[in-house]
1. With contacts defined as alpha carbon pairs under 8 Å and 6 or more residues apart, what's the relative contact order of chain B in percent?
2. How big is the B-A contact in terms of buried accessible area, both chains counted, 1.4 Å probe, rounded to the nearest 100 Å²?
3. Hey, could you get me the Stokes-Einstein D for segment A:45-140, Kirkwood radius over alpha-carbon pairs, 4 °C and 1.567 mPa s, rounded to whole µm² s⁻¹?
4. Counting only DSSP beta bridges with both residues in the protein assembly as shown, what percent are antiparallel, rounded to the nearest 5?
5. Threshold 30 Å², probe 1.4 Å: give the residues of segment B:53-77, in number order, that are less accessible with all protein chains present than with their chain alone.
6. Can you pull the mean other chain C-beta count within 10 Å for peptide B:78-84?
7. Figure the gain on full extension for B:Glu59 and B:Asp95 (residue separation times 0.36 nm, minus the Cα-Cα span) and round it to one decimal in nm.
8. Please give every one of the lysines within straight-line cross-link reach of B:Lys3, meaning a C-alpha to C-alpha distance under 25 Å, and leave out same-chain neighbours fewer than 8 residues apart.
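The values are calculated or read from the model by the stated rules, or taken from the named source; none is laboratory data. Because the structure is predicted, anything quoted here is derived from the model rather than measured. Here the Cβ positions follow ideal geometry from the backbone for every residue, glycine too, while neighbour counts run over all protein chains shown. With ligands, DNA and RNA removed, areas are computed over all heavy atoms of the protein, side chains included. Shrake-Rupley method; radii C 1.70, N 1.55, O 1.52, S 1.80 Å.
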Amino acid sequence: MELTRRDALLLGAGAVAASVLPQPLFAAEPTLDELIAAFTEGAEVKDGGVDIGAPEIAENGNTVPVDVSAEGATSILLLAGGNPSPGVATFHFGKLAVPSASTRIRLAQTQDIVAVAKLSDGSYVKASRAVKVTIGGCGG
Amino acid sequence: MAKVKPRVKVPKKAQVGDVITIKSLISHPMESGQRKDKKTGELIPRKIINKFVATFNGEMVVDFDLDPAVSANPYFQFDMTVPEAGTIRFEWTDDDGTVYDIEKEIKIG
C-alpha cells in the first residue's frame, strides 16, 4: 500500500484521538458501567437492597464463594470490575424461586464486586462489596 | 477432556409450600478464553457453560446466564418453594451447543 501524505495525516489524527479518549475505542470487552447500563436500560439505580455475601479475604481467586440476594428481585446482575472482563453472571428468578443464589467465581485481583438487582416493580438497586484476593484467578 | 458429569442435590420429599434448597454441580473446565497454553503461547479457546436453567413441571425456576468469570466446575445453590409434587429438570448449555441435563422427582409427604 502506498502511503500518501493525506493517509499519514489521517492516521496521526486517529492515533491522537485514540490516546486522548479515556476509554479505549477498540476494547472488545464492555466496561462495568456499560454492563450496568445495558442491564438497567438506563434507569436510575438506588444504593442498598442487595446483599452480597463474600469472604473479606479470598486466598484463591479461582474459586471465591459468593452469594447474592435481594428481596423482591426478578433478576440480579453480578459484576467484578477488576477482572479482564467484568461480567460474571446474570441470575433470573421465576415465581417459585427465592431471589437468592450462591456460586463460586473467579477474581483476578483485589476489587469490589457489584450486584445490581431488578425488582418486581421495575426499579433497580445495587450494592458492592470489597474482596481482597491474595492469588489471582484468571490463569497466567 | 474429562467427562462432563452433572450432579444435583434435591430433597426427595417435601410438604406443599416448603422452601427447599437445591445444590448443583457440574464438572466442566470453564475455559475462560484468556489463558495461554504455556508450551505454545497460544490462547486456549473459550469453552464455558453459558447457561444454567432449572424448571419445575415445565415452569422456569431459575435461569442463570454465565460469563467466563464463573469458576471451573460451576456450583449453584438456590432455594425454591414446592407448589406440588413434580419433576425438577436442570439443563446446562455448553458453548459448543451441547446440553447436559438431569431430572429429579420431588414427592409430597
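1. Worked out over chain B, it gives 32 percent.
2. Roughly 2300 Å².
3. D = 97 µm²/s.
4. Within the protein assembly as shown, antiparallel bridges account for around 90 percent of the total.
5. B:Glu59, B:Met60, B:Val61, B:Asp63, B:Phe64, B:Asp65, B:Asp67, B:Ala69, B:Val70, B:Ser71, B:Tyr75, B:Gln77
6. For peptide B:78-84, the averaged partner shielding equals 5.
7. 10.6 nm
8. B:Lys23, B:Lys36, B:Lys38, B:Lys39, B:Lys47, B:Lys51, B:Lys104
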